[in-house]
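Working notes, beginning with the structure itself.
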Amino acid sequence: MSCDDVLIHALIDDELDAGHARAVEAHIAGCARCAQQVTAYRGLRQALPAHELRYTAPAALRARIERVAPAKTDRRALLKGFLTGGAISALAAASVTFVVVRQGRDDAILGDAISAHLRSLQADHLTDVPSSDQHTVKPWFNGRIDLAPPVIDLTGQGFTLVGGRLDFIDGKPAAAVVYRRRVHVINLFVAQGLGARSRTPQLEVVQGFNVLRWNEGGLDVVAVSDLNRDELEEFGAKFIAAARGTGQR
Amino acid sequence: MAPDVKDDGGTAQRFRAAALPYLDDVYTLARYLLRDSHDAEDAVQECYLRAFRHFGTFRGGPIKPWLLAILRNVCRAEYARRSASAFVQSDEDKAAEECSQGIWEEAPSSPEAETLRHLDAATVRRLIADLPPAFRETLVLREINDLSYREIADVIGAPVGTVMSRLARGRALLRTAWLAEEKER
């Protein structure tokens, strides 16, 4: 491999897959110039006070934007809408109710998953059992929840296992298996009755978070993260390959 | 204004829940792109207005890069307005010119091994603000908005390879400026 500054930056940014990262690291080990570049740019990143470089939006601007998208639903307008549609047949009304109720239940499950994800990001809430060892995390759930969640170490594939936690979704206990990709946390919730429709992962966007949901070995699995869509789908694919024994692990 | 009149309240609530947490991110990018707090506020407000209007067409993916892409478009319109009103060369043109003038070759190809000394945040902000626009926006999206290469590529509408070379160049320029700033003190 020859000197390539662009790849050095990709290495510093943790944007290379394992194979390329090894190749670049091997080159750096034997190239004084590139080794110096790595030190120089790691130093730049460390010197940048990234957090202090952010700006905070003025309160007046926030208030103006909140007026753009008003917070309160106008219930009177909604009611008026229903009343003008008074001629709907009882049958149609009944089926509408059914759809609304089902939708409502699913929204509640996903809403709980997002809330649990957000809570987990607060200080010291991420894991009850912090460990990158699947043989430590999996037995921890024994006796705490009446199911055996799949706990799979994907560290070698770019998703670091950081531990497990007991959480609650839809009023019932759920196992949360926690992974990290760069600065992004993935909460993998495992329980029964989380509304997965098939063994094929379905991607949804809820409150701006990517949510991947599928059925794995009779259990419903919901992965929540602020990770981009492609990488969350990659996570799902690697998890499934390992869980179903088709991976090369 | 609302995407769907019948669904006004629900959509507005979903939009608020999804988009408002990123207000500081959007405002930060606007400050670095426009280098003026009043213009930045106007651009952010316009960005959220457009985002809300098009929220119905937003399909999947994290919302942060989507919002930042809209903000960037608003800022480009602002560049165009500035250049039309005051004979100011647009930042994009300047970037193109700077590239063609060989600024690429000017910076040292292998930086000195000196360790960077601490500079206060206000000084670092100024050094970043002085970078040519194309490099500045990529650097800010990566270092301050914390986007991945793929997300930056989506925001600026360029291939990942372009993101990588602009980031490498942007960091080289920033490091050079940083060392020059240290010497002046």
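The values are calculated or read from the model by the stated rules, or taken from the named source; none is laboratory data. Please read these numbers as outputs of a predicted model, since none were measured by experiment. Cβ sites come from the backbone with ideal geometry, for glycine too, and all protein chains shown count toward neighbours.
Brief remarks on what is shown
- Residues satisfying the stated conditions in region B:127-143, i.e. over 19 Å from residue A:12 (Cα atoms), away from chain A (no Cβ under 12 Å) and not charged (D, E, K, R): B:131, B:132, B:133, B:134
- In region A:115-145, the residues that are crowded, with 18+ Cβ neighbours inside 10 Å and charged (D, E, K, R): A:138
- Flag for residue B:69 being more than 12 Å from every other protein chain (Cβ to nearest Cβ) and modelled with pLDDT of 90 or more: yes
- Hey, residue B:146 at pLDDT 90 or above, more than 17 Å from the chain's Cα centre (by Cα) and within 12 Å of another protein chain (Cβ to nearest Cβ) or not: no
- Residue count, region B:1-21 (criterion: more than 8 Å from chain A (Cβ to nearest Cβ), out of contact with any Phe, Trp or Tyr (no Cβ under 9 Å at 6 or more places or on another chain) and either at pLDDT 95 or above or surrounded by 16 or more Cβ atoms within 10 Å (Cβ to Cβ) (or both)): 0
- Residues of region B:117-126 classified as of a type in the set (Val, Ile, Thr) and more than 8 Å from chain A (Cβ to nearest Cβ), total: 1
- Of the candidates A:127, A:73, A:39, the single residue that is farther than 27 Å from residue B:33 by Cβ and modelled with pLDDT of 90 or more is A:39.
- For region A:146-169, filtering for residues that are surrounded by fewer than 17 Cβ atoms within 10 Å (Cβ to Cβ) and either in contact with a Phe, Trp or Tyr (Cβ under 8 Å, 6 or more places away or on another chain) or not in a strand (DSSP E or B) (or both) leaves 7.
- Within region A:1-57, tally of residues that are closer than 27 Å to residue B:22 by Cβ and either of a type in the set (Val, Ile, Thr) or in contact (Cβ under 8 Å) with a residue 40 or more places away in the chain (or both): 3
- Within region B:153-171, the residues that satisfy the criterion of being crowded, with 23+ Cβ neighbours inside 10 Å and touching a residue at least 60 places away in the same chain (Cβ under 8 Å) are B:155, B:169.
- Of all residues in region A:1-48, those being crowded, with 17+ Cβ neighbours inside 10 Å and of a type in the set (D, E, K, R) number 3.
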